[in-house]
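Before any comments, here is the structure.
The values are calculated or read from the model by the stated rules, or taken from the named source; none is laboratory data. All values reported here derive from a predicted model rather than from experimental measurement. As a convention, Cβ positions derive from the backbone with ideal geometry for all residues, glycine included, and neighbour counts pool all protein chains shown.
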Amino acid sequence: MEAKQRLGTWFVGIFSVLVGFFSPIQLLLYAIVTTVLIDTITALLRDWSKIYRKKIPYWRRMLLYFQCIKSSGLRRTVLKLFLYCIGLMGFYLAEISIFSTTVYISNMIGAIILMTELKSICENIDIVLDTDIFTSIFKIFRNMTLKKIDNKINKKETKYEDINDYSSDSNQ
């Protein structure tokens, strides 16, 4: 009986240390889990909307609705969730191990994962609604972000060029 209690104490202690260590990326992990679940729901709605548009009897359509939910699709969702979370935690662990502080590499990886899932959600919603609104909004947002990144890169290069110009003038 005492051995089980010690084992439970060790388990709680190790679990508490892991939760405390990964607490800086906890919100990012919650966001990833939420977007993957929303992506799964919108993919299911996408498949249902394709069936709904077919001109078949109501009872046959109901049978097809339940055939959309497959164990292989749910297995892929669970695997995707597991790999995303373990991968993000691995990047965070490597980031802390190498730099001994966070340099936001794990946040960038999490943002890439979130943007991928949001793009998939937008595509699924566009298929359900039979429009291109959400995909075009996503493309506009992506282009704005890329322009902002490009401007920041170019401004940094000009600052370095200005410093080099001043240093070359003082040497002459």
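Values computed for the structure shown
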| item | result |
| --- | --- |
| Tyr65 being more than 22 Å from the chain's Cα centre (by Cα) and not aliphatic (A, V, I, L, M) | yes |
| Residue in the stretch 83-91 that is in contact with a helix residue (DSSP H, G or I) (Cβ under 7 Å, 6 or more places away or on another chain) and either exposed (fewer than 12 other Cβ atoms within 10 Å of the Cβ) or not assigned by TED's automatic domain parsing to the domain that holds Leu37 (or both) present | no |
| Single residue of Tyr58, Tyr30 found to be loosely packed, with under 12 Cβ neighbours inside 10 Å, within 30 Å of Asn143 (Cβ to Cβ) and of a type in the set (Ser, Thr, Tyr) | Tyr30 |
| Residues satisfying the stated conditions in the stretch 1-60, i.e. among the aromatic types (Phe, Trp, Tyr) and within 21 Å of the chain's Cα centre (by Cα) | Phe21, Phe22, Tyr30 |
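For every residue, the table says whether it meets (1) touching a helix residue (DSSP H, G or I) at 6+ places or on another chain (Cβ under 7 Å); (2) surrounded by 10 or more Cβ atoms within 10 Å (Cβ to Cβ); (3) modelled with pLDDT under 90.
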position: Leu18; (1), (2), (3): no, yes, yes
position: Ile25; (1), (2), (3): yes, yes, no
position: Thr34; (1), (2), (3): no, yes, no
position: Asp47; (1), (2), (3): no, yes, yes
